[in-house]
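Reading through the structure tokens given below for one structure.
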Amino acid sequence: MRNNEFAATMVEFLKVYEAIGFEFLPISGKDEIFSSQIEPDSVTEPIDNSNEVMTLQAIRHEIGHCKRCKLHKTRKNIVFGEGDAKARLMFIGEGPGADEDEQGRPFVGRAGKLLTSLINKMGLKREDVFIANVVKCRPPGNREPEQDEVKACIGFLKSQIASITPEVIVTLGTVATKAILATDRPITRLRGEFKDYKGIKLMPTYHPSYLLRNPSAKTVVWTDALKVLKELGLEAPAPAENAGA
Ligand code: URA
């Protein structure tokens with residue numbers, strides 16, 4: 001059986017278990033082939049890994065089939081984040097939307113396409129950076145994540161940052177900036193100037209969804225991106241090289 005056929009069969013198999021009420025496979029922990037893949041059940045407290053640097057794989061394992069907040073009830077997929085585990089640059093958004101929930105990948109919808117084109121315009125590829133969100137499950141109807149949901153999830157994002165140790169973080173929009181910097185100042189006042197997050201340079205800028213509604217703000221986001229490139233010792237490619245971005 002080819003890999004994708006095997007995966008499809010496994011998905012069907014797991015759906016049957018789920019449909020009859022199982023939350024995990026009834027397999028002995030001694031079974032090596034599955035034990036490394038079984039994720040732990042949820043715990044009620046957010047984790048605090050401030051003293052322990054975990055690998056991204058370990059963080060994903062810790063998240064498990066998370067039920068730490070109410071978002072688990074409506075999500076299709078946990079959107080962990082993706083990119084280079086040792087990226088120099090990390091982008092942080094708010095939380096998955098419908099497309100992200102469907103695909104289990106961050107920033108793949110309309111706002112995501114805009115973020116991807118910004119990354120490309122900076123002379124980078126999505127695989128060169130790491131893209132994550134404050135909450136890993138979709139808030140229904142694309143509402144903002146609520147305080148209890150952010151509280152339940154933010155520890156994982158902080159662990160991801162500690163694991164990746166980027167040189168620069170770009171927070172996209174108010175929710176991400178507030179969650180990381182614990183500030184109440186609006187994004188209009190915060191954007192464009194580097195802040196400090198545990199010794200990492202953090203550039204708050206507008207969220208791509210805001211840019212979809214206000215395309216003229218793309219100019220200031222590009223100004224912010226140029227500051228980020230400078231901080232990384234990189235230059236944006238000449239405009240001719242990114243025609244169409
Ligand atoms: N908006 C976000 O904040 N994150 C995503 O992953 C997609 C849209």
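Structural remarks
- Carbon + sulfur, % of accessible area of the stretch 27-232 - ligands and nucleic acids excluded, 1.4 Å: 50 percent
- About its Cα centre, the dipole of the stretch 60-100 is roughly 300 debye, where the only charges are +1 on Lys and Arg Cβ and -1 on Asp and Glu Cβ.
- Under 9 Å, Cβ to Cβ, from residue 175 - net charge with Lys/Arg +1 and Asp/Glu -1: -1
- Antiparallel bridge percentage (DSSP; both residues within the stretch 122-245; nearest 5): 40 percent
- Lys/Arg +1, Asp/Glu -1 at C-beta; the stretch 27-232 dipole; positive extreme among 159, 93, 115: 115
- Surface/4 of the Cα convex hull for the stretch 27-232, nm²: 11.7 nm²
- With N counted as the residues of the stretch 152-245, its alpha-carbon radius of gyration over 2.2 N^0.38 Å works out to 1.14.
- Taking packing as the residue-averaged number of other Cβ atoms within 10 angstrom, the listed peptides 64-75, 215-226, 124-135 run from highest to lowest as 124-135, 64-75, 215-226.
- FRET efficiency, residue 213 to residue 146 (Cβ-Cβ, R0 22 Å, nearest 0.05): 0.50
- Unsatisfied cross-links (Cα-Cα over 18 Å) in the set 178/201; 73/158; 86/158: 73/158
- Size of charge dipole - the stretch 27-232 - debye, nearest 20, with Cβ of Lys, Arg +1 and Asp, Glu -1, no other charges: 780 debye
The values are calculated or read from the model by the stated rules, or taken from the named source; none is laboratory data. All of these numbers come straight from a predicted model, not from anything done at the bench. Cβ atoms come from the backbone with ideal geometry, glycine included; neighbour counts cover every protein chain shown. The accessibility values were calculated without ligands, DNA or RNA, using every heavy atom of the protein model including side chains. Shrake-Rupley method; radii C 1.70, N 1.55, O 1.52, S 1.80 Å.
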